[in-house]
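The values are calculated or read from the model by the stated rules, or taken from the named source; none is laboratory data. Please read all numbers here as calculations on a predicted model, not as lab measurements. Don't worry about glycine lacking a Cβ; one is built from the backbone with ideal geometry, like all the others, and counts go over all protein chains shown.
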């Protein structure tokens, strides 16, 4: 079993990086070479801006290369809860932003001819308890009436049309969803940005940001410094660099994933007839989907801990037990990969994007980053070029998490609370 990301291990390496000097001045410096930063760089370069991307490690090697590969409509919060808190108009706008984000991924792949095994799949949320299905029925009616007439409800007697398991009491299908090899997509996105003129630097951490007035900064790295007329912070939950203001507003939650051995077409067809992306309704739930080469990728917040080899291995054992519970047919399956990564959680699990003390930023995707990061990269390119109305999250404030100063000491407490909630609800 490899303790590394299946996506990164099976993707080609980026071949268009540069070791040339940073240069004296650029229109935009993008800090962070994940999907947000690369998408922004592509959009800006296509419009003639001079852009550099500064990535501390390998491109897309953090959240963008360590997630479950789900690219679907739907917010991290239940739509009913969003409507109750923000009103139906804002809730519908947030929901549509996620739907638009899926469309953005489709268009980027098509426009740039990115080879990433893209396929239409849709998503189903699986009710883990009988009353969870009753809640899904209410959500279905609200979505169908308010914002998404293409949703579908699957009762328990038909759940085996979706998954060969007796563990679930029905499900809610959202048809607007994709699957792709996110490692290949990340490399393809970077190659496209470079092809349009963006200069991309791997292994180039930012060590300091010196404000020059307005939105201009001197950006300092070990290889030198560059003046940028605008800076986009696209680092997610990164613990590197002079970004304390952002760290106080994000909880870096570990999420962990297994990749089984290849199962073969016949076996996968029997287990997952529709081959959707799947997510369970528990607070500490699981998510899973087939891979392009016929594996099952099965993940979740198995432990409220950060990722490292020892932590990943412990989490893998917990995930394997959950997999055997839901799909006992796979109790003895070989596991080829196990890895973890950080999810950049906000307190309300909604993204944040805008401007702080001259710095532009977009992050906090809270487990829905595959599509939203790509979309918000394109959106923030528009914002930096003068159209602030393109940002759907501009209406949200973003206070610091009380008692949080960058190190998420409270994660075990949060995990204990959520485990109690899963028992009670």
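Some points to look at:
- Leading residue by the ranking (surrounded by the most Cβ atoms within 10 Å (Cβ to Cβ)) among those in segment 143-157 that are out of contact with any strand residue (DSSP E or B) (no Cβ under 6 Å at 6 or more places or on another chain) and without any contact (Cβ under 8 Å) to a residue 12 or more places away in the chain: 145
- Counted residues, segment 390-406 - those being surrounded by fewer than 16 Cβ atoms within 10 Å (Cβ to Cβ) and either free of Cβ contacts under 8 Å to residues at least 60 places away in the same chain or under 23 Å from residue 43 (Cβ atoms) (or both): 5
- Taken over segment 25-70, the criterion of being more than 30 Å from residue 286 (Cβ to Cβ) and out of contact with any strand residue (DSSP E or B) (no Cβ under 7 Å at 6 or more places or on another chain) is satisfied by 42, 43, 46, 47, 48, 56.
- Residue 246 vs. criteria surrounded by 16 or more Cβ atoms within 10 Å (Cβ to Cβ), touching a residue at least 40 places away in the same chain (Cβ under 8 Å) and within 30 Å of residue 173 (Cβ to Cβ): no
- Selection count, segment 222-239, where residues are over 11 Å from residue 28 (Cα atoms) and surrounded by fewer than 21 Cβ atoms within 10 Å (Cβ to Cβ): 5
- Condition check for residue 189: part of a helix (DSSP H, G or I), touching a residue at least 12 places away in the same chain (Cβ under 8 Å), within 25 Å of residue 120 (Cβ to Cβ) and in contact with a helix residue (DSSP H, G or I) (Cβ under 8 Å, 6 or more places away or on another chain): yes
- The requirement of being assigned to a loop (DSSP other than H, G, I, E, B), over 30 Å from residue 161 (Cβ atoms) and free of Cβ contacts under 8 Å to residues at least 24 places away in the same chain is fulfilled somewhere in segment 221-232, by at least one residue.
- If you go through segment 16-49 and pick out every residue that is at pLDDT 95 or above and over 20 Å from the mean Cα position of the chain (by Cα), you end up with 11.
- Figure legend. Inter-residue proximity from segment 268-288: first residues on the phi < 0 side of the Ramachandran plot and free of Cβ contacts under 8 Å to residues at least 60 places away in the same chain, second residues in a loop (DSSP other than H, G, I, E, B) and surrounded by fewer than 16 Cβ atoms within 10 Å (Cβ to Cβ), beta-carbon distance below 8 Å, spacing 6+ or different chains. Indicated pairs: 268/294.
- Apart from one condition, residue 290 fits all of (1) surrounded by 23 or more Cβ atoms within 10 Å (Cβ to Cβ); (2) touching a helix residue (DSSP H, G or I) at 6+ places or on another chain (Cβ under 9 Å); (3) farther than 26 Å from residue 117 by Cα; the exception is (3).
- For segment 198-208, the count of residues that are modelled with pLDDT of 95 or more, touching a strand residue (DSSP E or B) at 6+ places or on another chain (Cβ under 8 Å), assigned to a strand (DSSP E or B) and on the phi > 0 side of the Ramachandran plot is zero.
- Qualifying residue in segment 73-87 (condition: in contact (Cβ under 8 Å) with a residue 40 or more places away in the chain, touching a strand residue (DSSP E or B) at 6+ places or on another chain (Cβ under 6 Å) and within 28 Å of residue 238 (Cβ to Cβ)): yes
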